[in-house]
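**Q** Dropping the structure in here first, questions after.
The values are calculated or read from the model by the stated rules, or taken from the named source; none is laboratory data. Remember, it's a predicted structure, so these values are computed and weren't measured experimentally. Reconstructed Cβ throughout: ideal geometry from the backbone, glycine too, with neighbour counts over all protein chains shown. Only protein heavy atoms, including side chains, enter the accessible area calculation; ligands, DNA and RNA are left aside. Shrake-Rupley method; radii C 1.70, N 1.55, O 1.52, S 1.80 Å.
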Amino acid sequence: VSRFGGDEFLMLVKQANHIAVVNEMMKAIHRVLYFPYQLEKQELYMQFTMGISLFPNDGQTMDEMIMNADTALNRAKRTGKNKVLYYSDEMKLEVQEYAEIEVILRNAIAHDGFHLVYQPIIQATDGSVKGYEALLRLTNHRISPIKFIKVAEETGLIVQIGRIVTKQAIAQLAAWKQAGYSERIMSLNFSNVQLH
């Protein structure tokens, strides 16, 4: 066992050539950390999250093993505390896609790569258009907002993107007003990260 940095530790388990051995070790660690610790008359509960890579399937070198265990750890952290995840090739593809989307978002911020589409808000009683919901899209990429908004929130880019959305929506309202259209409500979606 060694400290890897910050609150992260590495554990090398030799001769754990069967997943059942690793699972038993994880249960033992969980039992030890489950009960509270006393520190200056205060009870403290510990939570832990683990990423596991298995030799030789998940890497041939120590660096590969550590990197893949870290990939599993990061995915486990995103899904909540007290989780244990084994590395899979699917995770590697997910990490690559995540990194690619982050680069695309940074370029879109720098080079005016976003646009808004406007979904009408219809009054159910008479079918009239009462307003619009502004929806963000990437101009040069066909990536679902479900994917890129998540990356934007996790990287903090959502704050800059939110400002872009607000400016574009206000400019559109001004253009409609100048063209003689009656004023209508414009609904914007803001991330909790941005509001915070």
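**Q** Could you rank the peptides 43-51, 123-131, 172-180 by their average count of other C-beta atoms within 10 Å per residue, with the highest value first?
**A** Most protected by this proxy first, the peptides run 43-51, 172-180, 123-131.
**Q** Quick one: Karplus J couplings for the stretch 36-48, per residue in order, coefficients 6.51, -1.76, 1.60, θ = phi - 60°, nearest Hz, x for Gly and Pro?
**A** The phi angles translate into x, 9, 9, 9, 6, 6, 10, 7, 10, 9, 9, 10, 9 Hz.
**Q** If you roll a 1.4 angstrom probe over the protein chains with everything in place, what fraction of the accessible area of the stretch 23-181 belongs to carbon and sulfur, to the nearest %?
**A** 55 percent
**Q** Order the peptides 68-79, 110-121 from the highest to the lowest mean number of other Cβ atoms within 10 Å of their residues.
**A** 68-79, 110-121
**Q** To continue, here is another question. Calculate how steeply helix 62-78 sits against the longest principal axis of the alpha-carbon atoms of the chain, using the helix alpha-carbon long axis, and give the answer as 0 to 90 degrees to the nearest 10.
**A** On a 0 to 90 degree scale, this one is about 50.
**Q** I'd like the distance separating the alpha-carbon centroids of the stretch 1-30 and the stretch 55-99, in whole Å.
**A** 14 Å
**Q** Scan around F114 for amide H atoms under 5 Å from its own, H built in the peptide plane at 1.01 Å from N, and keep only partners 5 or more places away or cross-chain.
**A** For F114, whose amide H was placed from the backbone, the distant partners under 5 Å are T139.
**Q** Hey, another quick one. Once a ≥ b ≥ c are taken as the square roots of the eigenvalues of the Cα gyration tensor of the stretch 105-152, is the result rounded (a/c under 1.5), prolate (a/b larger than b/c) or oblate (a/b not larger than b/c)?
**A** Note, shape of the stretch 105-152 comes out prolate.
**Q** Which option, (i) 38, 16, 14; (ii) 45, 25, 22; (iii) 47, 21, 15, is the value of semi-axes √(5λ) of the Cα gyration tensor in Å that was calculated from these coordinates?
**A** Step by step, semi-axes √(5λ) of the Cα gyration tensor in Å for this structure corresponds to label (iii).
**Q** Please label the shape of the stretch 69-139 as rounded, prolate or oblate, based on the square roots a ≥ b ≥ c of the eigenvalues of the alpha-carbon gyration tensor (a/c under 1.5 means rounded; beyond that, a/b larger than b/c means prolate, else oblate).
**A** Note, shape of the stretch 69-139 comes out oblate.
**Q** For the stretch 145-162, take each phi angle, set θ = phi - 60°, evaluate the Karplus expression 6.51 cos²θ - 1.76 cosθ + 1.60, and give the result in whole Hz per residue in order, putting x for glycine and proline.
**A** Per residue, the Karplus-derived 3J(HN,Hα) values read x, 4, 7, 6, 5, 4, 5, 4, 5, 5, 8, x, 5, 4, 5, 5, 5, x Hz.
**Q** A further question follows. Counting only DSSP beta bridges with both residues in the chain, what percent are antiparallel, rounded to the nearest 5?
**A** So the antiparallel bridges amount to about 70 percent of the total.
**Q** Name the residues whose placed amide hydrogens come within less than 5 Å of the amide hydrogen of S187, ignoring near sequence neighbours (fewer than 5 apart) on the same chain.
**A** For S187, whose amide H was placed from the backbone, the distant partners under 5 Å are Y132, E133, A134.
**Q** Can you tell me which of 189-195, 164-170 comes out highest on packing, and rank the rest after it, using the mean Cβ neighbours within 10 Å?
**A** Listed from highest to lowest mean packing, they are 164-170, 189-195.
**Q** In whole Hz, what ³J(HN,Hα) sequence does the stretch 173-182 give by Karplus (6.51, -1.76, 1.60; θ = phi - 60°), x for Gly and Pro?
**A** 4, 5, 5, 5, 5, 5, 7, x, 6, 5
**Q** Here's another thing I want to ask about it. Give me, ordered by chain and number, the residues 5 or more places off F4 or on other chains with an amide H under 5 Å from its own placed amide H.
**A** Amide H neighbours of F4, under 5 Å, 5+ apart: F9, L10.
**Q** Hey, which of these cross-link pairs are over 24 Å Cα-Cα: K130/K150; K27/K150; K147/K177; K92/K147; K77/K150?
**A** Over 24 Å Cα-Cα: K130/K150; K27/K150; K147/K177.
**Q** Hey, another quick one. Hey, what did the stretch 59-161 get for relative contact order, percent, Cα under 8 Å, at least 6 apart?
**A** 20 percent
**Q** Only Lys, Arg, Asp and Glu count, each charged at its Cβ (+1, +1, -1, -1), so figure out the dipole size of the stretch 1-46 about its Cα centre, rounded to 20 debye.
**A** The calculation lands at about 180 debye.
**Q** Quick check for you: with a 1.4 Å probe and neighbouring chains kept, what is the accessible area per residue of the chain, in Å²?
**A** 71 Å²
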